[in-house]
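Structure first, commentary second.
What follows draws every value from the coordinates through simple rules; no lab data is involved. Since the structure is predicted, the reported quantities are computational estimates derived from the model, not experimental observations. Cβ atoms come from the backbone with ideal geometry, glycine included; neighbour counts cover every protein chain shown.
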Amino acid sequence: MPHSVLAPSSPDGRGYHALRRITRALDVHSRRLYREWKITSPQFLCLQALEKESVRTLSQLAAELHLGASTVNGILDRLEARGLVSRSRSQEDQRKVLLSVTPEGQALVDSVPELMRDSYARALGRMSLDEQEQLSRLLGRLADHLDPEIVHL
């Protein structure tokens, strides 16, 4: 089956090209994050999520980040090796491993500027509240249609 090229003038083509530009912006941000702070975007997202809620489990973190538990476990292994997160057993249930940000991890979170989130907020700020709401709703719907974990009938 031949691959079709989405015409830039069609709605699906314009949307696809816009998503590619957004993906590129995220990639540029990711490379800068690693170059300047030696941390990947997924690692930083894990640190931020753990910082928001002081202690949580691997499955809670994976669900929040929409990543597989094995993927998050690998990320946490690398963060733990750098001394940025710690794992401890729950006092109530020894089977549960609790995750938390170390003081070193907190210092890193505090020192890294929110480059992508700030850019996103500035771009959204140029839109009306109605446009922001519509964009958020439509992006959520598109994400639902693209999410491999959601059954599509």
*Hey, got a sec? Which trypsin sites (Lys or Arg not before Pro) in the stretch 70-134 land in a DSSP loop and have at most 10 other Cβ atoms within 10 Å?*
Arg95, Arg126
*Count neighbours as other Cβ atoms within 10 Å of each site's Cβ, and list the GluC sites (Glu not before Pro) in the stretch 88-152 that are DSSP loop with at most 14 such neighbours.*
Glu92, Glu114, Glu149
_Cβ charges +1 (Lys, Arg) and -1 (Asp, Glu), total dipole of the stretch 1-79, debye_ = 360 debye
*Given that just one value was derived from the coordinates, which of [x] 18.8, 59; [y] 30.7, 116; [z] 18.2, 70 is Rg and Dmax of the Cα atoms in Å?*
[x]
*About its Cα centre, what dipole magnitude does the stretch 40-112 give when the only charges are +1 on Lys and Arg Cβ and -1 on Asp and Glu Cβ, stated in debye to the nearest 20?*
200 debye
_Run the simple label-point estimate for Gln60 and Leu146 please: 7 Å along Cα→C-beta, distance reported in nm._
2.9 nm
*To the nearest 20 debye, what charge dipole does the chain have about its Cα centre, counting +1 at the Cβ of each Lys and Arg and -1 at the Cβ of each Asp and Glu?*
480 debye
*For helix 41-52, what angle does its Cα long axis make with the longest principal axis of the chain, in degrees from 0 to 90 and rounded to 10?*
60 degrees
*Stretched out fully, how many nm does the piece from Thr40 to Gln91 gain, at 0.36 nm a residue minus the Cα gap?*
15.2 nm
*asked:* For a quick check of your reading of the filter: which GluC sites (Glu not before Pro) in the stretch 7-83 sit in a DSSP loop and have no more than 14 other Cβ atoms within 10 Å?
replied: Glu53
_Let me check the size of the stretch 40-112 from its C-alpha atoms; what are the radius of gyration and Dmax in Å?_
11.3, 35
*Between Ser128 and Ser100, what FRET efficiency comes out of the Förster formula 1/(1 + (r/R0)^6) with R0 = 41 Å and r the beta carbon distance, rounded to 0.05?*
0.50
*Please compute P(r) over all alpha-carbon pairs of the stretch 75-123, binned at 5 Å starting from zero, and give each bin as a whole-number percent.*
5, 19, 17, 16, 16, 12, 8, 5, 2, 0
